[in-house]
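Contents: one structure, followed by commentary.
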Amino acid sequence: MSEDPGAARRARMEALRAQEKAKARQRRTLGIGAAVLVVLLAVGGILWATLGSSKSSSSTAGGAFCGNVASGSPSNKQWPQPPAMSIDTKATYTATLKTSCGDVGLKLDATHAPKTVNNFVFLAQQGFFDHSHCHRLTTAGIYVLQCGDPTATGTGSPGYKFDDEYLNDPAIQGGTYPAGTLAMANSGPNTNGSQFFLVYKDSQLSANYTPFGTITSGLDILNHIARDGSDNSNGQGDGKPNDNVVINSVAVAK
């Protein structure tokens, strides 16, 4: 039986219309995704402490750079309330994050963020950070490495929350956290726990995250981790570091 030219043309037209409809649906989907991304960037990470990646890294490059992983498991300690104030707010405190990638030195600001520094010192002395993975790396718009969650999911905490401090710090006004800033991660106002982030490059963030210190050494290590990238599981430039970044221990000195 010979083919009906009219039927063939109609079939081709139907196929073209179906393709155009599919492309239109795809464009609408991409548009919604882009809009959501813009909103997330605009709010500066309101869900900051709940966006941890659970995917495993496929990179092998990180093993060579961050291969010094001490044996042991993260702490499961929990407390019903924040620690009582025990630091000298007039003293200078320093800390060293002894990571699998190298040491990162910190100067803690007990004068302007006493509750936060007191909390950090307490958790460090309790071994809370030991053997925990830095679970989040952002490399677009916001340039930070996020740590302090023993569960490595982005939802872990010491069991309590405490209030924000020093959000009027002149250094973070104007929507930028400068490179070298040490600040608390949170999931909204006054929800600080144990998670913190290290800013390795000037980052566009509203002044919603307690700054409680500065990075005094190891910025080159953080930039190396950033260059190695992430698994990008949470969107563009946001996910679990490809490097195996583990905090082996934290040493605090007064």
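Values in this text are rule-based calculations from the coordinates and carry no lab data. All of these numbers come straight from a predicted model, not from anything done at the bench. Reconstructed Cβ throughout: ideal geometry from the backbone, glycine too, with neighbour counts over all protein chains shown.
Descriptive notes on the structure:
- Residue list for region 199-254, filter: of a type in the set (A, V, I, L, M) and closer than 22 Å to PRO189 by Cα: VAL199, LEU205, ALA207
- Residues located in region 126-155, provided they are surrounded by fewer than 24 Cβ atoms within 10 Å (Cβ to Cβ) and acidic (Asp, Glu): ASP130
- Verdict on THR111 being farther than 25 Å from THR153 by Cβ and polar (S, T, N, Q): yes
- Yes/no for SER194 being of a type in the set (Ser, Thr, Tyr) and assigned to a loop (DSSP other than H, G, I, E, B): yes
- Filtered residue count, region 132-181, keeping only those that are small (Gly, Ala, Ser) and free of Cβ contacts under 8 Å to residues at least 24 places away in the same chain: 1
- Only one of the listed residues (SER233, SER217, SER203) is among the small types (Gly, Ala, Ser), more than 23 Å from SER86 (Cα to Cα) and crowded, with 17+ Cβ neighbours inside 10 Å. That residue is SER203.
- For region 236-254, filtered to residues that are crowded, with 20+ Cβ neighbours inside 10 Å and among the hydrophobic types (A, V, I, L, M, F, W, C), the residue that is farthest from THR99 (Cα to Cα) is VAL250.
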